[in-house]
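Structure first, commentary second.
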Amino acid sequence: MPKNKGKGGKNRKRGKNEADDEKRELVFKEDGQEYAQVLRMLGNGRCEAMCIDGTKRLCHIRGKMHKKVWIAAGDIILVGLRDYQDDKADVILKYMPDEARLLKAYGELPDNTRLNEGIGGGLDEEDDATANDYIEFEDEDIDKI
């Protein structure tokens with residue numbers, strides 16, 4: 001049997017949960033950067049995103065974020081534009097949902113941008129308890145069938 005020469009197994013590579021930058025400073029775009037919303041994940045560290053300027057771009061997730069920051073469809077990201085390829089960009093930063101709301105409040109994101117804060121949104125609304133989502137049949141309606 002070969003001798004173990006490493007520093008640990010896959011659990012060490014997984015690492016500690018590094019507090020996820022709970023209170024980090026809000027990063028605004030600079031020149032050569034743009035806000036975008038992820039349309040779909042393509043695999044291989046790539047995603048398709050709709051930039052705020054109206055261009056759909058193929059975005060490459062940089063190595064620093066590759067397996068540490070999970071990006072899903074609907075997330076707001078900051079992308080670095082390429083000088084030589086207009087249809088491709090590099091993901092620089094993923095905004096947390098509260099940061100995306102702040103960006104929208106500051107006017108950085110347009111008002112028509114939909115932020116998906118809750119995937120199961122609308123299921124826990126109990127305000128309209130009187131409205132039923134099912135159809136009631138009378139006994140005579142069943143006899144006609």
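Numerical summary
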| quantity | calculated |
| --- | --- |
| Tally, over the range 105-127, of residues that are open to solvent by 60 Å² or more (accessible area, probe 1.4 Å) and at pLDDT 50 or above | 8 |
| Pairs, first under 11 Å from residue 79 (Cβ atoms) in the range 41-60, second in a loop (DSSP other than H, G, I, E, B), C-beta under 6 Å, six or more apart | 57/87 |
| Residue match in the range 56-72 (condition: modelled with pLDDT of 85 or more, surrounded by fewer than 16 Cβ atoms within 10 Å (Cβ to Cβ) and under 19 Å from residue 107 (Cα atoms)) | no |
| Residue within the range 79-96 that is in a loop (DSSP other than H, G, I, E, B), under 13 Å from residue 49 (Cβ atoms), open to solvent by 30 Å² or more (accessible area, probe 1.4 Å) and out of contact with any helix residue (DSSP H, G or I) (no Cβ under 6 Å at 6 or more places or on another chain) present | yes |
| Filter pass, residue 135 being of a type in the set (Val, Ile, Thr), open to solvent by 80 Å² or more (accessible area, probe 1.4 Å), under 30 Å from residue 10 (Cβ atoms) and at pLDDT below 90 | no |
| Only listed residue being surrounded by 16 or more Cβ atoms within 10 Å (Cβ to Cβ), of a type in the set (D, E, K, R) and either modelled with pLDDT under 90 or part of a loop (DSSP other than H, G, I, E, B) (or both), chosen from 7, 13, 29, 3 | 29 |
| Top-ranked residue in the range 43-55 [being small (Gly, Ala, Ser) and not in a loop (DSSP other than H, G, I, E, B); ranked as surrounded by the fewest Cβ atoms within 10 Å (Cβ to Cβ)] | 43 |
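The values are calculated or read from the model by the stated rules, or taken from the named source; none is laboratory data. Predicted model, so just to flag it, every value in this text is computed and none were measured. Reconstructed Cβ throughout: ideal geometry from the backbone, glycine too, with neighbour counts over all protein chains shown. Protein only, heavy atoms only, side chains kept; ligands, DNA and RNA dropped before computing areas. Shrake-Rupley method; radii C 1.70, N 1.55, O 1.52, S 1.80 Å.
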